[in-house]
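Please read the structure below before turning to the comments.
The values are calculated or read from the model by the stated rules, or taken from the named source; none is laboratory data. All of these numbers come straight from a predicted model, not from anything done at the bench. Please note: Cβ atoms are built from the backbone with ideal geometry, for glycine as well, and neighbour counts cover all protein chains shown.
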Amino acid sequence: MGPKKYTGKDGKEFVIRLAEPGDFKESIATFTEVSREKIYLNTEEPSPDILEVWSERWKHNGTNMMFCVAQREGKLTGGLVLTPYSRSPKTAHVMNLGMWLVKEHRGKGMGNALMDYALEWAGQAQGIRKIVLGVWNTNMRAIALYNKFGFHIEGCHRNIAKIQGRLADEILMACDL
Ligand SMILES: CC(C)(COP(=O)(O)OP(=O)(O)OC[C@H]1O[C@@H](n2cnc3c(N)ncnc32)[C@H](O)[C@@H]1OP(=O)(O)O)[C@@H](O)C(=O)NCCC(=O)NCCS
């Protein structure tokens, strides 16, 4: 799938496109920045070999799994990944979704655009019937976004994470394609 242009809530244009090898370093920097906030993602500090891991994992980006990035004024601001739910053939029709944007670029509509791009890709890909994700019950913005794009709640792990000293639930959401 090729790049798609969007206009943000502040009127500025940005692009969503498949990540290329040349993007990995900058993407990892955005992912690391969001991880280190220690609020939204499960990862708090990416492993030191993340560049090798991502380079290997995303060698065939867009074929059986997908990593797209948001780019505004030449700068990467975050990304979205769709990865297999498990290695089992039993769940071959299921993808897991993860996404992040650096703080200064949240609330501008890039989350909407990443979801739009990813769901279009998943709709065109062969054999994907379901997308699942986990989100802390404290993350109202993300939950609102997922609801807007047709995700519903399928379950919950209570008190599974401690975020800034408080226990939080993981809400399990899914979208059937
Ligand atoms: C979650 C995230 C990707 C969303 O992207 P974003 O660009 O900030 O979101 P958008 O501006 O595109 O849209 C968010 C929507 O939630 C709504 N929203 C924002 N705060 C809200 C709140 N507290 N309660 C309810 N809805 C809220 C917005 O109005 C918007 O809806 P709209 O498009 O109908 O106006 C981004 O905020 C982010 O990266 N957060 C940190 C990392 C993270 O939480 N990742 C997901 C982990 S599961």
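Worth a mention:
- Every condition in (1) more than 8 Å from the ligand (Cβ to nearest atom); (2) buried (at least 17 other Cβ atoms within 10 Å of the Cβ) is met by residue 89 except one, and the failing one is (2).
- Of the residues 82, 167, 177, the single one that is closer than 30 Å to residue 22 by Cβ and of a type in the set (A, V, I, L, M, F, W, C) is 82.
- Counting the residues of the range 124-146 that are part of a strand (DSSP E or B), more than 11 Å from the ligand (Cβ to nearest atom) and either touching a residue at least 60 places away in the same chain (Cβ under 8 Å) or within 13 Å of the chain's Cα centre (by Cα) (or both) gives 2.
- One residue stands out among those in the range 106-148 that are exposed (fewer than 15 other Cβ atoms within 10 Å of the Cβ) and either among the β-branched types (Val, Ile, Thr) or under 27 Å from residue 90 (Cβ atoms) (or both): the one that is modelled with the lowest pLDDT, which is 126.
- Considering 121, 100, the condition of being touching a residue at least 60 places away in the same chain (Cβ under 8 Å) and either away from the ligand (no atom under 16 Å from the Cβ) or more than 23 Å from residue 71 (Cα to Cα) (or both) is satisfied by 121 alone.
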